[in-house]
Each structure stands twice: as structure tokens, then as C-alpha cells.
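Worksheet: the structure to be examined is printed underneath.
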Amino acid sequence: MNSNKHLSKRIVVASVVAASLIGSLSAAQTDYAAETVVEAKSGVTAGIITTLTTAQADAFANATSIATETETEVTVVAESESAVDSEWANRLMANVDDYLSIRAEGSEDAEIVGKLYKGDVAEVVAEGEGWTQISSGSVTGYVSNDYCVFANDAKELASQVCETKATSLTAGLRVRESASEDGKILTVMPEGDTAVVNTEAEAVDGWVAVSYDDCEGYVKADYVEVAVEYGEAISIEEEQAIIAAQKKAEEEAAAAQTTATTTTQGSAVAASYDDVTLLAALIQCEAGNECYEGQLAVGAVVVNRLRGGAYGGSIYSVIYAPSQFGPAGTGQVAAVAAAGPSGSCIQAAQEALNGVSNIGGCTCFHRNDGRAGIVIGNHVFY
């Protein structure tokens with residue numbers, strides 16, 4: 001029921017009460033002169049003040065009682081329709097573009113003890129007129145109400161600014177181009193990895209639209225856990241530690257990048273045409289969208305593993321070693337090899353087999369996540 005319907009119902013109730021009262025006054029005969037005064041009151045029907053007989057007074061009381069009970073019923077319905085989501089009843093979010101300062105006391109002059117960034121959620125400890133005490137993460141302090149939204153408004157803001165993530169519950173979860181078992185496999189997700197859910201995509205029963213590893217595709221809903229990812233406040237001490245860690249990682253990455261520009265020439269590895277094609281197919285699956293240096297580095301990883309002997313004694317055995325290269329296990333490498341790899345990937349494979357390396361003796365690589373190593377494009381080699 002909307003507000004217009006509530007208003008209409010109140011008008012009807014007021015009309016009925018007025019009609020009942022007028023009827024009661026007309027029916028009751030009296031010898032006394034009645035002086036009637038009509039007062040206009042905001043939001044209600046005009047009240048009637050008069051000298052009443054006992055019968056008239058009873059009729060007026062009954063009519064008033066009916067109106068009161070009816071309006072109470074309407075009010076209850078209106079309140080139930082605006083019920084607050086219990087999960088968000090005691091929460092707030094900062095409605096800001098960057099962050100909101102959390103202070104030790106409810107004052108602009110108080111010490112800043114933490115920050116509530118866009119997308120962070122806090123629990124309300126005590127709400128005041130101008131400032132609210134909150135708790136989020138490791139931080140407890142005060143925030144200005146002018147920059148916050150509460151309860152259902154906070155829930156609505158969260159749906160707009162927070163990402164929904166899908167976490168893989170199984171190893172080698174296939175990300176397909178379309179929501180079908182026959183859809184082309186774009187890449188695979190290791191167990192525990194997360195992908196961003198595309199909430200704008202059309203819903204398909206049994207599937208979840210995701211963005212993962214520069215791919216837009218679908219995963220089976222049975223094999224992922226989907227949840228909205230809320231942030232938490234961060235203390236000033238935590239922020240300083242993160243800044244220091246990021247600075248160190250940037251310095252190490254810069255040093256590693258310098259190392260990565262140096263290529264070395266080692267001994268060639270005996271390889272057949274099929275070996276070159278298979279290695280080129282793996283390079284295309286793992287680094288087809290990377291720069292040429294990134295493609296060469298993936299080829300060098302395979303050759304370094306072959307030389308080490310821990311992953312097998314041939315290009316085939318290294319590539320198909322259990323739980324090593326995801327595209328090999330899903331059949332993607334075989335499909336690319338059959339169709340024919342790109343020219344740059346074939347060149348990178350041939351150079352790597354000839355002993356050229358731009359990553360030294362690295363035998364592993366991963367999506368660049370800040371770990372120490374040689375960073376080339378979107379990968380870090382270690």
C-alpha cells in the first residue's frame with residue numbers, strides 16, 4: 001500500500017466520522033441553542049465545538065473512537081512496509097568518494113584514529129545528533145553523520161559501490177565463454193581464487209557471470225560461493241604499515257624489472273616440430289595477450305623446468321605435469337596446438353628452446369600480486 005492510498009483512506013474515514021456526527025446531532029432533539037464553531041486544523045477534518053446534550057456527546061465519542069481505531073490500523077500498515085532490514089539495522093556506510101576520517105571523539109578537532117573508505121561498513125555503537133560512535137575492523141571512534149548513510153540507505157549504497165565476488169570451491173574451475181557446458185573454455189580458476197561477479201549481466205539459471213584473468217565469461221553456480229565483499233575501516237597504524245610495504249614492493253619490482261630486460265643465451269634444447277608447436281600453444285594460453293617479452297619468459301620457465309628434471313624429461317611431460325599448467329589440464333593447449341599457435345608465440349617458443357632467457361633460472365610464474373620476483377607485463381616470475 002502506497003502513501004496515496006493511506007491518504008485516501010484517511011479522507012474517507014474523516015468523511016464518515018463527520019457524516020455520523022452530523023446525523024447524530026440532527027437526530028437528537030434539544031431545546032438548547034447550539035453555538036457551533038468550526039476550526040481548521042492542519043492534517044485533520046475540521047473539529048466541531050458545540051454545546052451538546054448527553055446523547056449528542058455519546059454519539060461524538062463513539063464516532064471519535066471509530067476514527068482513532070481506523071487510523072491506527074492504517075498507521076501500522078505503513079510502518080510495516082518501511083521495515084528496516086535486520087542485517088543492516090545497526091550498520092552505516094560512509095557516503096564519500098574516497099574516505100571519511102574516524103576521530104577519537106565527536107569533534108572536528110579530535111585526533112584521527114582511522115579511516116572509513118568508500119565501500120567500508122561499520123557497526124553503530126551509539127548514534128548521536130551530529131556524531132556517531134562506530135566500530136569497524138580494529139577501529140573504534142566517531143564519524144560525522146553528515147557524511148554517512150544508515151540502515152536501509154547503507155544497504156542500498158553497498159549494492160552500488162561494493163563488488164560481488166565468486167570464490168572457486170574446486171580446483172580447475174572452467175570459465176566458459178557462454179553459459180553452457182559446450183561453451184568455449186577461456187581459462188580456469190584454482191580452488192580458493194576469486195572472480196568479480198558481473199551483476200549487470202543477464203541472469204542464467206545455474207551459471208554466474210564473472211570477470212577473471214582478463215576474461216569475461218561464466219562459471220557453474222554449483223562450484224562457487226557468491227558474496228558481496230564489504231570493506232572495513234583501517235587504523236592509521238595499519239595504513240602506515242601498508243604504505244611502507246607497498247613502497248618496498250615497488251622498489252623490489254623496479255629492481256626486478258631492470259633484471260628482466262637482460263637476456264641471456266644458454267645452451268639449446270633438442271626439440272622436434274611437435275615440441276615447438278606444443279610449447280607455443282602453452283605460451284599462447286598463458287601469455288597470448290602479453291608483450292613478446294612476457295611470452296618468451298613463459299617459454300623460458302618450461303625450458304628451465306626441463307633442464308632441472310623435476311617436472312619430466314621432455315617438453316610434453318613438463319607441460320602436462322600434474323596440477324602445473326591449468327590450460328594443459330583443461331584441453332585448451334591441445335586445442336590451440338591443433339588450430340595452430342600465433343606467429344609471436346611460435347617465435348618465443350623457438351627462442352626459449354634455443355637457450356634464450358630473460359628471467360634467469362626462474363621456474364615459476366603467477367599473476368602479479370605484489371610478491372617478489374621479476375615482473376614482466378601482468379606476471380611475476382620467480
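Table for the structure above
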item: Straight-distance crosslink candidates among aspartates and glutamates, where the alpha carbon sits under 12 Å from residue 115 and sequence neighbours closer than 8 are dropped; result: 98, 232, 237, 238, 239
item: Chain lengthening between residue 335 and residue 86 when straightened (0.36 nm per residue, less Cα-Cα); result: 84.5 nm
item: Percentage relative contact order, the stretch 91-161, counting C-alpha pairs under 8 Å, at least six apart; result: 36 percent
item: Other-chain or far-sequence residues with amide H under 5 Å of residue 189's (modelled H); result: 172, 173, 174, 175
item: Residue 203-residue 366 FRET efficiency (beta carbon distance; Förster radius 35 Å; 0.05 resolution); result: 0.60
item: Dipole magnitude (debye, nearest 20) for the stretch 82-178, charges at Cβ of Lys, Arg, Asp, Glu; result: 680 debye
item: Label-to-label distance, nm, for residues given as residue 378 and residue 135 (7 Å Cα→Cβ offset); result: 4.1 nm
item: Geometric extent, Cα atoms of the stretch 91-161 - Rg, Dmax (angstrom); result: 10.8, 33
item: Highest average packing first - 198-209, 148-159, Cβ atoms within 10 Å; result: 148-159, 198-209
item: Euclidean distance between Cα centres, the stretch 289-319 to the stretch 78-144, Å; result: 52 Å
item: Inter-probe distance in nm under a simple model that places probes 7 Å from Cα toward Cβ, at residue 248 and residue 163; result: 2.5 nm
item: Summed residue charge, Cβ within 14 Å of residue 336's Cβ, Lys/Arg positive, Asp/Glu negative; result: -1
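Every read-out reported here was derived from the displayed coordinates using simple, explicitly stated rules and does not represent laboratory data. Small disclaimer: the values here were computed from a predicted structure and weren't measured. Neighbour counts are summed over all protein chains in view; Cβ atoms, including those assigned to glycine, are modelled from backbone coordinates with ideal geometry.
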